[in-house]
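This report refers to the structure that appears directly beneath it.
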Amino acid sequence: MSKMRSANRAALALALVLAASGLAGCGQVDVHSPQVRGTGYFRMEDVIKHHPLYAQVAQLTDAIDTIGLVASAPQAPKTAAEIAEATAELNRSLRDAQNRTNAIIAQDQQEYAAKERAAMAAALRAAGQTQAANALAGQVGSTSTQQAAQIAAQANQNFMQYQQSVIAQNNQASASISQQLQIEADRQLRARAEQYQQSETDLSFQLSQQNASERLALKTKLSNLALDDAGRAQLESQLNALQQKQNDAELALHNRNEAALAQYRAQLRAQTGAAIAARVGDVQAQTRSQLESRRNEVGAQLRDLGPSQVEPSVSPAVRQQMQQIHQRFAAAFQTDAQKAVSDYQAVKADLDRQYAALHGADVGATGAAAQQLASLERRRDVLTKQMQTQIVAEANRIAKQQGFQVVFINVNTAVGGYDMTDELTKDIEGLHQ
Amino acid sequence: MKIRIIQTVLVAATLSFVLAPAAIAADLTDVGFIDQAAVGTLPVFVAANRQLAGIKSQLDQQYNAALRGAHNDADRQRIALQFQQEFSDKQREIVGPIFSRAQLAIASVAAQKSLSIVVDKRIVVYGGQDVTSDVVAALRGTQAISPPTATPPPASIGFVDQSVLDSLPKVQQANDEMSKFQQDQRRIDAAKMAAAKTDADRQAVLADYNKALADQRDVLLKPLVDQTQKATAQVAKAKNLILVIDRGDVIYGGTDITKDVQDAFGK
């Protein structure tokens with residue numbers, strides 16, 4: 001009798017379970033109720049925050065925001081306007097130097113003319129034209145020794161000023177080159193560090209996916225209330241071992257990456273030091289060459305281009321000889337003057353190139369920041385996509401298991417349907433514990 | 001006795017299967033979705049986009065040439081408006097008929113499948129009916145697409161046009177204030193960031209900046225967001241809707257409650 005009552009009760013219980021399952025489709029959610037109507041939804045932005053890899057996304061976001069904030073600082077990057085201003089300043093300095101040279105040319109023209117007249121006088125004397133030679137010598141005597149000394153002093157002073165300005169500009173260029181090379185080295189190091197970090201993230205993600213089904217199976221078994229202590233301990237031990245294995249693999253990769261990064265840092269330091277020494281050496285050599293060239297130029301310059309006055313009584317042959325002397329000196333002066341101008345243009349071009357290089361390096365630095373930003377954003381997108389894919393896969397599993405018809409994300413407002421956010425969050429957390 | 005047990009089980013089982021279909025019938029099965037990216041790769045759309053790109057490049061050149069003749073800002077603004085208008089006209093002329101045909105194709109497929117709403121694929125993560133291939137097939141055909149004879153059935157999914165709600169004066173004012181605050185705060189923290197020497201300093205500046213924005217958002221925007229949500233929920237409930245999504249995710253059908261939310265929000 002008692003057995004029969006018990007069988008009755010079991011049948012009734014089974015019947016109720018069957019009825020309930022037919023009505024609800026699931027023990028936890030009444031999926032087909034008028035309020036839910038087979039419709040689920042979840043807030044992806046909330047669930048994703050509980051994904052174990054979200055911390056890395058948050059780090060990437062912080063890094064991206066930091067770059068954005070640094071970039072908006074007024075004095076942080078050199079703007080194109082600032083670089084243009086610096087270039088204009090350099091051009092002003094060069095124009096000043098050019099003016100100084102022109103002044104030297106103008107003052108030295110008299111000395112040049114004196115030499116020409118002396119040569120002509122010598123030629124006239126040789127041709128027996130003593131009167132004409134004396135007339136020319138009188139013109140020569142109009143340039144006093146004091147004036148010549150003043151011109152030489154002015155030329156030296158101008159050269160010293162030029163020397164100081166060129167050295168200052170080249171020192172600035174050397175400092176900037178050094179700074180830019182350091183920035184580039186830092187960028188390369190950061191890029192390598194990010195690459196290693198990405199490999200660690202990938203491994204972490206890959207391992208968590210590899211172990212997900214095994215972990216889920218163990219957790220499902222563990223959720224069985226009827227499990228005895230020994231069985232529970234064994235399952236927990238298996239779960240811990242699984243986690244430990246994953247941790248070990250991640251740690252091993254991390255350690256390898258740390259060692260490789262340290263080695264790369266040392267290598268970069270050596271390379272950067274050598275590159276700075278070479279580039280700065282180039283700049284210094286260029287400076288020495290510029291100064292040497294200018295010194296020679298100033299020393300060799302300049303003469304009066306105006307043709308000396310020769311008396312009409314001089315024979316045509318001697319007059320032609322005078323003309324040849326003048327042409328020779330004029331040609332020599334023009335060559336010197338042209339060389340002086342060309343040298344100045346070359347100096348200007350060199351310094352402009354240095355500034356352009358600085359500009360380029362700065363653009364490169366800004367470009368490097370932009371590249372870094374793009375790289376960080378790409379990594380964040382990839383990681384976010386991976387997490388979203390995993391979340392959607394879990395949502396699909398739950399939806400299928402519980403009999404939903406449709407599941408949405410990006411819902412504005414819900415007055416019905418079933419909010420899967422919490423359940424999905426626990427599920428995602430559980431997959432990685 | 002054994003027979004009685006079996007009978008009980010059978011009755012219960014039958015009961016469950018008899019009752020269940022009635023409940024299942026109320027489930028939402030009339031939701032369709034489209035992969036818009038796939039539709040966008042159809043030759044007709046690609047050709048239209050290429051044509052538009054060519055026109056834009058041509059107009060850009062004309063615009064730059066016209067700008068050179070501008071004497072002041074008013075001239076420049078007038079020229080800019082003129083070229084924008086010209087491009088919009090061309091856009092309408094080229095893409096308009098294709099969009100109309102696409103709309104017809106979607107409406108026709110939705111009618112055939114008795115769908116009350118067709119949404120963008122991105123917001124459906126499970127279930128629903130993928131009608132992309134049907135729409136693509138209809139668009140690939142050369143025949144004219146007949147418009148559906150009936151309007152879509154009433155949908156249990158509603159939508160709001162957020163841009164309309166954003167253009168309400170109090171929302172607009174709050175958004176403007178928030179933008180200004182953000183600009184000011186950015187200036188302040190950018191200067192701090194430039195002076196920061198270590199990574200820890202920079203992190204602290206960033207944290208301060210984010211917190212300042214979040215606090216201000218709570219003051220300026222959150223009350224409005226809450227009010228909008230409340231108004232939307234009230235309207236949705238009154239109209240027996242289950243969910244409300246954004247207008248941008250709806251391709252066809254659905255119940256537009258923007259006006260009702262706007263009215264409720266304005267009260």
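FYI, it's all coordinate maths here, none of it is from the lab. None of these values were measured; they are calculated from a predicted model. Ideal geometry is used to build each Cβ from the backbone, glycine not excepted, and the neighbour counts take in all protein chains shown.
Just a few scattered comments:
- Pairs from the list A:426/B:237; A:49/A:219; B:121/B:222; B:237/B:259; B:197/B:222 with a Cα-Cα gap above 24 Å: A:426/B:237; B:121/B:222; B:197/B:222.
- Its Cα gyration tensor gives chain B an equivalent ellipsoid; the semi-axes, largest first and in whole Å, are 46, 34, 19.
- Values of log10 I(q)/I(0), in the order q = 0.13, 0.16, 0.20 Å⁻¹, for the range B:52-208 under a Debye, Cα-only, solvent-free model: -1.01, -1.03, -1.17
- Averaged over the residues of peptide B:190-196, the number of Cβ atoms from other protein chains lying within 10 Å of each residue's Cβ is 6.
- Percent antiparallel among DSSP beta bridges (both partners in the range B:114-267, rounded to 5): 35
- Put simply, the amide H of residue B:126, placed in the peptide plane, has neighbours under 5 Å in A:407, leaving out anything fewer than 5 places away on its chain.
- Sequence ranges A:241-249, A:323-331, ranked by mean other-Cβ count within 10 angstrom, highest first: A:323-331, A:241-249
- Span-like helix criteria (full DSSP H runs; alpha carbon extent of at least 30 Å along the helix axis; mean Kyte-Doolittle hydropathy of at least 1.0) are satisfied in chain B by B:2-25.
- FRET efficiency, 1/(1 + (r/R0)^6) with R0 51 Å, evaluated for residue A:331 and residue A:190 via beta carbons: 0.25
- Seen from all directions on average, the range B:154-267 presents a Cα convex hull projection of 8.9 nm².
- At an R0 of 41 angstrom, the distance between the Cβ atoms of residue B:130 and residue A:179 translates into a FRET efficiency of 0.10.
- Hits among aspartates and glutamates - C-alpha to C-alpha of residue B:90 under 14 Å, sequence gap 8 or more where chains match: B:60
- Each eigenvalue of the Cα gyration tensor of the range B:64-156, multiplied by 5 and square-rooted, gives one semi-axis; in descending order these are 42, 16, 12 Å.
- Computed over chain B, relative contact order equals 26 percent, with contacts defined as Cα pairs under 8 Å that lie 6+ residues apart.
- Approximating the spin labels as points 7 Å out from Cα along Cα→Cβ, the residue B:167-to-residue B:182 distance works out to 2.1 nm.
- In this structure, the amide hydrogen of residue A:43, modeled 1.01 Å from its nitrogen in the peptide plane, lies closer than 5 angstrom to those of A:421, counting only residues at least 5 positions away or on a different chain.
- Comparing B:53, B:231, B:194 in a Gaussian network model of chain B (Cα springs below 10 Å), the most mobile by mean-square fluctuation is B:194.
- Average partner coverage of A:265-277, which counts Cβ from other chains inside 10 Å: 0
- Cβ neighbours within 10 Å from other chains - mean over B:155-166: 1
- Largest mean-square fluctuation among B:211, B:113, B:197, in a Gaussian network model of chain B whose springs join Cα atoms under 10 Å apart, belongs to B:197.
- 3J(HN,Hα) along the range A:208-218: 5, 6, 4, 8, 4, 5, 5, 5, 5, 4, 5 Hz, from the Karplus curve 6.51 cos²θ - 1.76 cosθ + 1.60 with θ = phi - 60°, whole Hz, x for Gly and Pro.
- Paramagnetic reach from residue A:167 (point 7 Å along Cα→Cβ, amide N under 12 Å) across the range A:256-294: A:288, A:291
- Computed label-point distance, nm, for sites residue A:210 and residue A:125 using a 7 Å Cα→Cβ extension: 10.2
- For residue A:245, the aspartates and glutamates whose Cα comes closer than 17 Å to its Cα, not counting residues fewer than 8 places off in the same chain, are A:200, A:202, A:214, A:236.
- Relative contact order (percent, whole number), the range B:29-149, Cα cutoff 8 Å, 6+ residue spacing: 52
- For residue B:158, residues with placed amide H under 5 Å, excluding near neighbours: B:242, B:243, B:244, B:245, B:255
- Whole-Hz ³J(HN,Hα) from phi, Karplus 6.51 cos²θ - 1.76 cosθ + 1.60, for the range B:115-128, glycine and proline x: 8, 8, 8, 10, 10, 6, 4, 4, 9, 9, 9, 8, x, x
- Label-point separation, residue A:200 to residue B:237 (7 Å along Cα→Cβ), nm: 5.0
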